[in-house]
Amino acid sequence: MEFTRKNRQLLSRIATNDRHGENSPYFDGWKAYDSNPFHPIHNPDGVIQMGLAENPLCFDLIEKWIRENPDASICTAEGLDKFKDIAIYQDYHGLREFREAVAKFMGRVGGNRVTFDPNRIVMSGGATGANETAIFCLADPGDAFLVPSPYYAGFARDLRWRTGVEIVPVHCKSSNNFRITRAALEEAYEKAQRSNINIKGVIITNPSNPLGTVLDKETLRSFVSFVTDKNIHLVSDEIYAATVFSSPRFISVAEVMQDMDCNRDLIHIVYSLSKDMGFPGFRVGIVYSFNDDVTNCARKMSSFGLVSSQTQFLLASMLSDDEFVGNFLRESSKRLAKRHHVFTKGLEEVGISTIKSNAGLFFWMDMRPLLKEQTTKAETELWRVIINKVKLNVSPGSSFLCSEPGWFRVCFANMDDKTVEVALDRIREFVLQGKEENNHEADKSQARAQRWRKQNLRLSFSSSRLYDESLMSPHMISPHSPIPHSPLVRART
């Protein structure tokens, strides 16, 4: 203990604080999976990972493209002639072809309603690095950002841990499907002002993680109007833009601001290929700011988290293939829609509902009816049962700062079809077993009530002989009556 205390004194505040957020059930679920991972043959009773938003559903299309385009990699005989040019130091602006391809892809995902400038594409190590870089550019330690909740569980790490910035949740309610309103923003902002909290901006995820919903044009316009009025920043995390699989369509904040009288210097976008293409291992994160100073600062910071040049080279070629990109986006949408339908339909069959969603790699599941009481403690107890006995790693709403206990995020794209069947079977069995236990308890309660009524009836008939009717009429006798020798009183003592 003494050694640990002294050792901590030798380290920085970042190394010794607990602001990373790793202590939450969100990360505990990952650890439970890592220690006992499901495998259909080698470990069929293991934990199924449903807490990780990965998207390998179209890897077959990507693998086919790679086989047909071997010269896109410097690690093949066909691409070896480019090895010397790519393997040496590169400018931290990134390869021109890569920036152009990413800007074009971002525009295509948004329906080509916006043209993105390749010169504003700034690289970072995934969306985690991109979000942190944006915060370093916009705020100082102690400053804060409004974030509508429920929000991504990793934001505690991405936005707070190393930057020293705080998050002020703007709590949304299930009564309107957790939609954020201007009134809620105003209330949260004014409350922060009264507490002397310096609000530097608003951070949104569109499509939403964990809800799987998209923001409509009017809501986005209200965000832009709000930050313009307050002269604070708006960071729009759009890393799930291409995961929309049904209407309404995805609308980028860059689209709505085109016809608005707003301060463009306050608008910033975080993008990534981790979700839309399924490449989290490539660590491709993008900061796209309409503010020249932020762009320049972020580019300098990108030296700490550049995307490898061979990854840039490969993706520049892949994303420039218009035919491949078009086919990939269409097929990805179809497969996500199918998988989402299979899961949510299976849950409906056992009476479990979800928020209506049309995007993302997850859905927001309502388990409130299964809580013993409507508290965060009861939610945590239910989560422990699900992960330790049902062996499913789903993430509880408290990890996403949801103000209402009983909601869970369930990822549906990171497994094969057979694992989906196993997961659904486990959920069905768990829910049905819970209903049987509830019915059994209800039957027991009903039997107890019937026995009480019979006892009360017998007591009523005999009471006229035992007690003076002038003191108490038979129908008034109850188990709470102060009668010295009542059999009901004896039974309760």
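The values are calculated or read from the model by the stated rules, or taken from the named source; none is laboratory data. These figures come from a predicted structure and were not determined experimentally. So basically every Cβ, Gly included, is an ideal-geometry build from the backbone, and we count neighbours across all protein chains shown. Quick note on the areas: whole protein, heavy atoms, side chains included, nothing else; ligands and nucleic acids left out. Shrake-Rupley method; radii C 1.70, N 1.55, O 1.52, S 1.80 Å.
What the table shows:
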read-out: Residues of segment 387-435 satisfying the condition of being in a loop (DSSP other than H, G, I, E, B) and either in contact (Cβ under 8 Å) with a residue 24 or more places away in the chain or closer than 19 Å to Thr354 by Cβ (or both); value: Lys391, Val394, Leu401, Cys402, Ser403, Glu404, Pro405, Gly406, Phe412, Ala413, Asn414, Met415
read-out: Exclusive hit being in contact with a helix residue (DSSP H, G or I) (Cβ under 9 Å, 6 or more places away or on another chain), at pLDDT below 95 and part of a helix (DSSP H, G or I), set Ile74, Ile86; value: Ile86
read-out: Filter result for Lys338 (outside any helix (DSSP H, G or I) and more than 30 Å from Arg162 (Cα to Cα)); value: no
read-out: Positions within segment 14-28 being of a type in the set (Gly, Ala, Ser) and in contact with a Phe, Trp or Tyr (Cβ under 8 Å, 6 or more places away or on another chain), in sequence order; value: Gly21
read-out: Residue tally, condition open to solvent by less than 20 Å² (accessible area, probe 1.4 Å) and in contact with a Lys or Arg (Cβ under 9 Å, 6 or more places away or on another chain), over segment 186-200; value: 1
read-out: Candidates Ala316, Ala337, filtered to the one that is more than 27 Å from the chain's Cα centre (by Cα) and of a type in the set (A, V, I, L, M, F, W, C); value: Ala316
read-out: Sole residue being without any contact (Cβ under 8 Å) to a residue 40 or more places away in the chain and hydroxyl-bearing (Ser, Thr, Tyr), chosen from Thr380, Thr376; value: Thr376
read-out: Candidate set: segment 108-129, residues that are assigned to a loop (DSSP other than H, G, I, E, B) and small (Gly, Ala, Ser); chosen: the one most open to solvent (accessible area, probe 1.4 Å); value: Gly111
read-out: Scan of segment 288-317 for residues that are hydroxyl-bearing (Ser, Thr, Tyr), open to solvent by 30 Å² or more (accessible area, probe 1.4 Å) and modelled with pLDDT under 95, ordered by number; value: Ser303, Ser308
read-out: Exclusive hit being of a type in the set (Lys, Arg) and within 27 Å of the chain's Cα centre (by Cα), set Lys300, Lys275; value: Lys275
read-out: Looking only at segment 229-287, and only at residues there that are part of a loop (DSSP other than H, G, I, E, B) and polar (S, T, N, Q), the one that is surrounded by the most Cβ atoms within 10 Å (Cβ to Cβ); value: Ser252
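Okay, residues lined up against (1) under 20 Å from Ile386 (Cβ atoms); (2) in a loop (DSSP other than H, G, I, E, B):
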| residue | (1), (2) |
| --- | --- |
| Asn23 | yes, yes |
| Trp30 | yes, no |
| Asp34 | yes, no |
| Ile41 | no, yes |
| Gly51 | yes, yes |
| Asn55 | no, yes |
| Asp60 | no, no |
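Here's the yes/no breakdown for (1) in contact with a Phe, Trp or Tyr (Cβ under 6 Å, 6 or more places away or on another chain); (2) modelled with pLDDT of 95 or more:
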| site | (1), (2) |
| --- | --- |
| Leu319 | yes, yes |
| Lys334 | no, yes |
| Pro369 | no, no |
| Val390 | yes, yes |
